[in-house]
Protein chains: 2
Amino acid sequence: MTTKELVSQIQKKKSFLCIGLDVDIHKIPQHLLKEEDPIFAFNKAIIDATHHLCVAYKPNTAFYEAYGLKGWKSLEKTINYINENHPEIFTIADAKRGDIGNTSTMYAKAFLEDLNFDSVTVAPYMGKDSVEPFLAFNNKHTILLALTSNTGAFDFQTKQVDGKELYKQVLETSKTWENSENLMYVVGATKAEYFTEIRKIVPDSFLLVPGVGAQGGNLQDVCKYGMNEQVGLLINSSRGIIYASSQEDFAQAAAEKAKELQEQMAVALG
Amino acid sequence: MTTKELVSQIQKKKSFLCIGLDVDIHKIPQHLLKEEDPIFAFNKAIIDATHHLCVAYKPNTAFYEAYGLKGWKSLEKTINYINENHPEIFTIADAKRGDIGNTSTMYAKAFLEDLNFDSVTVAPYMGKDSVEPFLAFNNKHTILLALTSNTGAFDFQTKQVDGKELYKQVLETSKTWENSENLMYVVGATKAEYFTEIRKIVPDSFLLVPGVGAQGGNLQDVCKYGMNEQVGLLINSSRGIIYASSQEDFAQAAAEKAKELQEQMAVALG
């Protein structure tokens, strides 16, 4: 999917909501456990109930790998279901991968080609030749970790590197990489005050913003400081939506939570 | 496996060789392609031929994920085969994972518990709460990326952070984390001169050293500057061993290459 198509979807749906499909078998409604593939059954119901309210889905691969072969199968079924039924939706493999050149190419192929996600999250620590293999895929996007929403973000990301915080060095350096127009960035919503600084470095890039809701981030602040002319934001919510109810009405409850956020987004879009 | 058991194996085998099982279906001998699971067949032959010469095996998960469900199955079969037939061998899931707290726990469970690897490689960018979930597993090891062997290592890892290179900050900071005695570190062999500095910060830790051979690192230099009283080194070789021959004699050729390195290691162990 091109960035232009993503922006067009945002305008059409009046939403820049991304729903995180971080599915924990211990948290899904009990009645689903009798299904052949409870995780896929859960995802399918969530997707059916929310696809008109969001523009992106983001399964975190950890939650699928944790169930081994079965989990990998649930992930495959989920991405295939989205691509077949809702090809207009932007898909993110939240995998936080990164390895040396030829190995990164293997990861990129796995997520962007074989599973056919539109994008994948990547860690910056190993530098240019660990990220460029992901950037080489046409009309696919690499979402680089810049400033994350966890407390550990302060261990290294906000430390001064040559007089500038590490996350800013990551933003600036990454702009010099080949096919850098395919980059987006992860920026945690728990630090809305940082968005002004970030927009000085990457005014045009899309930012994937986790941490609204469960992690304490504020939607209005993120929009105020982070939005650009093309919107430039994908706001993720996972637990707040998918676990809105643990009963049989879980999908409807998820849709209601998604609708609340979508309505706030429609206001922010003006 | 405890560190003590690993050291004991090193002394017994006079080897601190780790063999990287980075299996590319396009590079394995043609005659294996008729097998039901060519990747596992390849690994099994390599393991059968080399297990007495090395103390560790390290599959890089990217090479398995690239084949989706099939690849994941090959990885499961490989780790099970090692654990069942050679439980004395230290196993490393080279996964370079790292995510926020509860998500890192999912990854840790997947690799250290379900697949039952002895260790997993982890990226430091997200800090303490992304790594500590891995450290919580008893008699398991977390191998943190410090200074990698690729050119991109110079993008951020060697940059000055508060007057000290980032990789040194990673080493120092990680020592303050809970259960830090379960930490090992990835340090690329292409930079043997760095080992002296690294040993000042982590004198007792095991270092996993990729980049000997294919990437240009020198075994003697690494031993000279990196070895400690408990040896403290695992030297990895992947392509140089497993692709020593592309013919039917591939396993024997791999054993010969492994033997060459093991003999150099026996000399270094004195």
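Values in this text are rule-based calculations from the coordinates and carry no lab data. Because the structure is a prediction, the values reported are computed rather than measured. Cβ placement follows ideal geometry from the backbone for every residue including glycine, while neighbour counts extend to all protein chains displayed.
Just to confirm the filter: which GluC sites (Glu not before Pro) across the stretch A:72-104 are DSSP coil and have at most 15 other Cβ within 10 angstrom of their Cβ?
Loop-located and lightly packed - A:E88.
Beyond 15 Å, what share of the Cα-Cα pairs of the stretch A:42-84 remains, rounded to the nearest whole percent?
On the way: 374 of 903 pairs.
Taking all Cα-Cα pairs of the stretch A:42-84, the fraction more than 15 Å apart is 41 percent.
Simple spin-label model, 7 Å along Cα-to-Cβ: B:T158 to B:L69 in nm?
If labels sit at B:T158 and B:L69, their model points lie 4.6 nm apart.
What does the charge add up to near A:K128, with Lys and Arg as +1, Asp and Glu as -1, over the other residues with Cβ less than 9 Å from its Cβ? Before the final figure, lay out the partial values.
On the way: positive: none; negative: A:D129, A:E132, A:E178, B:D155.
Every neighbour counted, the sum reads -4.
Run lengths n ≥ 4 of DSSP H only: what is the helix-derived mean residue ellipticity at 222 nm for chain A, with -39500 (n - 2.57) per run over all residues, to the nearest 500?
Mean residue ellipticity at 222 nm (helix-derived): -12500 deg cm²/dmol.
List the aspartates and glutamates whose alpha-carbon lies under 16 Å from that of A:K34, not counting same-chain residues fewer than 8 positions away?
A:D24, A:E248
I'd like the GluC sites (Glu not before Pro) in the stretch B:177-270 restricted to DSSP loop residues with at most 16 other Cβ atoms within 10 Å, sorted by number.
Within the stretch B:177-270, the qualifying GluC sites (Glu not before Pro) (loop, at most 16 other Cβ atoms within 10 Å) are B:E178, B:E229, B:E248.
If r is the Cβ-Cβ distance from A:K175 to B:Q30 and R0 is 45 Å, what FRET efficiency results, to the nearest 0.05?
Calculated value: 0.55.
So for the stretch B:3-269, averaging the separation of alpha carbon pairs under 8 Å that are six or more residues apart and normalising by length, what relative contact order in percent results?
Reported relative contact order: 21 percent.
Please report, in debye to the nearest 20, how large the charge dipole of the protein assembly as shown is about its Cα centre when each Lys and Arg carries +1 at its beta carbon and each Asp and Glu carries -1 there.
Roughly 560 debye, rounded to the nearest 20.
What does the structure give for A:146-154 when I average, per residue, the other chain Cβ atoms found within 10 Å of the residue Cβ?
Taking the mean over all residues of the peptide, I get 6.
Please state the Cα pair-distance histogram of the stretch A:109-259 with 5 angstrom bins from zero: what percent is in each bin?
The calculated distribution, bin by bin, is 2, 9, 17, 19, 19, 16, 11, 5, 2, 1, 0.
Of the options A:G240, A:N60, A:L112, report the single residue whose Cα projects farthest towards the positive end of the charge dipole of chain A (beta-carbon charges: Lys, Arg +1; Asp, Glu -1).
Farthest along the dipole direction, towards plus: A:G240.
Placing a label point 7 Å from Cα toward Cβ, how far apart in nm is B:T196 from its equivalents in the other copies, listed shortest first to one decimal?
When each copy's label point is compared with this one, the spacings are 4.7 nm.
Enumerate the aspartates and glutamates that B:K4 could reach by cross-link, defined here as Cα to Cα under 15 Å, with residues fewer than 8 away along the same chain left out.
B:E88, B:D118, B:E181, B:D204, B:E229
Average partner chain C-beta neighbours within 10 Å, per residue of A:250-257? Walk me through the numbers on the way to the answer.
Working: counts 0, 0, 0, 0, 0, 0, 0, 0.
Shielding by partners across A:250-257 averages 0.
Sorted from shortest, what are the nm distances separating the label point of A:G101 from equivalent points in the other copies, each placed 7 Å from Cα along Cα to C-beta?
Nearest first, the other copies' label points are 4.0 nm away.
How big is the stretch B:3-269 on each of its three principal axes, counting only the C-alpha atoms and giving the largest first in Å?
Projected onto its principal axes, the Cα set of the stretch B:3-269 covers 56, 43, 35 Å.
Can you list the trypsin sites (Lys or Arg not before Pro) in the stretch A:17-48 that are in a DSSP coil and have 14 or fewer other beta carbons within 10 angstrom?
Taking the stretch A:17-48 and a limit of 14 other Cβ atoms within 10 Å, the loop trypsin sites (Lys or Arg not before Pro) found are A:K27.
Would you tell me the mean number of C-beta atoms belonging to other protein chains that fall within 10 Å of each C-beta in B:109-116, as a whole number?
Mean shielding count: 3.
Run the reach check for B:K200 against lysines, Cα to Cα strictly under 18 Å, same-chain hits fewer than 8 apart removed. What comes back?
The reachable lysines, counting only those whose Cα sits under 18 Å from B:K200, are B:K164, B:K168, B:K175, B:K191, B:K224.
Could you tell me the largest-minus-smallest coordinate of the C-alpha atoms of the stretch B:1-118 on each of the three principal axes, in descending order and whole angstroms?
Projected onto its principal axes, the Cα set of the stretch B:1-118 covers 42, 39, 20 Å.
Taking the Cβ-Cβ separation of B:E193 and A:L269 as r and a Förster radius of 60 Å, what is the calculated FRET efficiency to the nearest 0.05?
Taking R0 as 60 Å, the efficiency between B:E193 and A:L269 is 0.65.
May I ask you to give the average projected area over all directions of the convex hull of the Cα atoms of the protein assembly as shown, in nm² rounded to one decimal? Please list the in-between numbers first.
Working: hull surface 91.9 nm².
Averaging across all directions leaves 23.0 nm² for the Cα convex hull.
Can you figure out the FRET efficiency of B:D48 with B:N139, using R₀ = 25 Å and their beta-carbon distance, to the nearest 0.05?
Result of the calculation: an efficiency of 0.40.
May I ask for the net charge around A:Q262, where only other residues with Cβ less than 9 Å from the Cβ of A:Q262 are counted and Lys, Arg are +1 while Asp, Glu are -1?
Overall, the nearby charge balance is +1.
How much net charge surrounds B:V209 when only other residues with a Cβ under 12 Å from its Cβ are counted (Lys, Arg +1; Asp, Glu -1)?
Working: positive: B:K58, B:K191; negative: B:D221.
Every neighbour counted, the sum reads +1.
Of A:K58/B:K73; B:K14/B:K140; A:K27/B:K109; A:K58/A:K259; A:K128/B:K257, which ones are farther than 26 Å apart at the Cα?
With Cα atoms farther than 26 Å apart: A:K128/B:K257.
How would you rank A:L33, A:L144, going from fewest to most other Cβ atoms within 10 Å of each one's own Cβ?
A:L33, A:L144
As a test of the definition: which semi-axes, in Å, follow for the stretch A:112-172 when you take the square root of five times each eigenvalue of its alpha carbon gyration tensor? Largest first, please.
Equivalent ellipsoid of the stretch A:112-172: 26, 13, 8 Å, largest first.
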